[in-house]
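**Q** Sharing a structure with you now.
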Amino acid sequence: MSRLLITGGSSYLGQHLVPLAVAAGHMVEYTYHQNQPIMPGTGHQLDIRDETAVHSLIHAHQPEIILHLAGSNRGSDMAAVIRQGTSHVLWAAHELGIRLIHLSTDSIFAGDAAPYDETAVPTPVNAYGRAKADAEAIVQQHPNSVIVRTSLIYGLAQMDHGTRWMAEALANGEPVTLFSNQIRNPVWVNSLCAAILELADNSFTGILNVAGQQALSRADFALKLLDYWQIQPRHTLTVAPSDRRWPLNCELDLRLSTAVLHTPLPGVDSVLSQAK
Ligand SMILES: NC(=O)c1ccc[n+]([C@@H]2O[C@H](COP(=O)([O-])OP(=O)(O)OC[C@H]3O[C@@H](n4cnc5c(N)ncnc54)[C@H](OP(=O)(O)O)[C@@H]3O)[C@@H](O)[C@H]2O)c1
């Protein structure tokens, strides 16, 4: 069992990962910025843009492995949190020889050359994709690191961000457009957490696609989750193609993760059918 530091413990992913890591017997420190979660492990308030604070925390706790989740597509200073935060974590990890698992995204791709394997070069089309692509380049400077490229994260116990946004908009009678031409491999948060913890314990380094086995459109995915959460009414819901400002087909090639990981990565239909 290891000493883990999980940045972004208060994230959707972190609120699942921290309790599972504690239950697996790890000693877990985690960080939050504005939203202190109530969960096992030891939480620390941290602004990851503050280089001195990041170094102090990491030097004080000397984790064996850092799981770097902080820095999503949400928040007003998103690009700085991703770029500066990753840089600060990276250099502390590098200095102390700490293994680093970094969470990246399929949104680093334009979506015009799917499926994407781990050798695919980022072709971002928006600010989030550009920041996460830059973060990958930063992380690659540290030899003992893993870049986990994942897709839309969802769970069956706590509603994911996307479904929550849709549910609120529909409840308020606001228009919601589901994109029919954006293809993704949504990943069940429990299997993503298991894969991350497996990677923490093994010696794999480099880029790894970790996502659900089933590729489907964002529209089909959204409708399956709206059904699962029994969200009505839907009279302001439409399905239509999106334009090129957004990544289109970002299907990830999962052959390497299937070979490297013991953790199964079921697709949406498989996860939902087991939940019935
Ligand atoms: N959600 C998805 O579908 C998805 C898909 C692909 C990849 N990912 C990746 O998975 C990871 C987790 O995503 P998520 O959606 O679960 O995240 P999230 O729920 O949006 O949470 C974002 C996290 O970043 C933290 N944060 C924001 N500003 C910060 C700052 N200045 N200093 C320190 N921490 C700060 C937040 O802390 P507070 O809330 O406490 O302020 C929170 O823990 C991210 O790296 C994301 O890129 C997510």
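**Q** Please go through region 31-57 and pick out each residue that is touching a Leu at 6+ places or on another chain (Cβ under 9 Å), more than 9 Å from the ligand (Cβ to nearest atom) and not in a helix (DSSP H, G or I).
**A** Those that are touching a Leu at 6+ places or on another chain (Cβ under 9 Å), more than 9 Å from the ligand (Cβ to nearest atom) and not in a helix (DSSP H, G or I): G41, H44.
**Q** Show the residue pairs that are 6+ apart or on different chains and have beta-carbon atoms under 6 Å apart, the first residue being within region 110-124 and part of a loop (DSSP other than H, G, I, E, B), the second being acidic (D, E).
**A** A114/E251; P115/E251; P115/D253; D117/D253
**Q** Looking at region 244-276, which of its residues are of a type in the set (G, A, S), outside any loop (DSSP other than H, G, I, E, B) and crowded, with 17+ Cβ neighbours inside 10 Å?
**A** Within region 244-276, just S257 meets the criteria.
**Q** On to the next question. Only one residue in P241, P143 is over 26 Å from T263 (Cβ atoms) and exposed (fewer than 14 other Cβ atoms within 10 Å of the Cβ), so which one is that?
**A** Unique residue meeting the criteria: P241.
**Q** Here's a follow-up. Quick check, is G25 small (G, A, S), under 25 Å from D106 (Cα atoms) and not in a strand (DSSP E or B)?
**A** Here the answer is no, as G25 does not meet what is asked.
**Q** Could you go through region 75-92 and let me know if any residue there is in a loop (DSSP other than H, G, I, E, B), within 21 Å of D160 (Cα to Cα), within 13 Å of the ligand (Cβ to nearest atom) and at pLDDT below 95.
**A** Yes, there is a match, as at least one residue in region 75-92 is in a loop (DSSP other than H, G, I, E, B), within 21 Å of D160 (Cα to Cα), within 13 Å of the ligand (Cβ to nearest atom) and at pLDDT below 95.
**Q** Among the numbered conditions (1) closer than 19 Å to L226 by Cβ; (2) outside any strand (DSSP E or B); (3) out of contact with any Leu (no Cβ under 7 Å at 6 or more places or on another chain), tell me where G162 comes up short.
**A** (3)
**Q** Identify all residues within region 58-74 that are in contact with an Asp or Glu (Cβ under 8 Å, 6 or more places away or on another chain) and either at pLDDT below 95 or part of a helix (DSSP H, G or I) (or both); write none if there are none.
**A** H61
**Q** Which one of A135, A131, A169 is over 21 Å from P241 (Cα atoms), touching a residue at least 40 places away in the same chain (Cβ under 8 Å), part of a helix (DSSP H, G or I) and in contact with a Pro (Cβ under 9 Å, 6 or more places away or on another chain)?
**A** A131
**Q** Right, next: Looking only at residues that are away from the ligand (no atom under 14 Å from the Cβ) and surrounded by 17 or more Cβ atoms within 10 Å (Cβ to Cβ) in region 149-173, which one is farthest from E136 (Cα to Cα)?
**A** That would be L170.
**Q** Another question about this same structure. Only one of N190, N181 is touching a residue at least 40 places away in the same chain (Cβ under 8 Å) and assigned to a loop (DSSP other than H, G, I, E, B); which?
**A** After applying the criteria, what remains is N181.
**Q** On to the next question. Looking at V121, V176, which one is of a type in the set (A, V, I, L, M, F, W, C), at negative phi and loosely packed, with under 14 Cβ neighbours inside 10 Å?
**A** Only one candidate passes the filter, namely V121.
The values are calculated or read from the model by the stated rules, or taken from the named source; none is laboratory data. Note that the structure is a prediction, hence the values are computed from the model and not measured. All Cβ positions, even for glycine, are placed from backbone atoms using ideal geometry, and neighbour counts span all protein chains on display.
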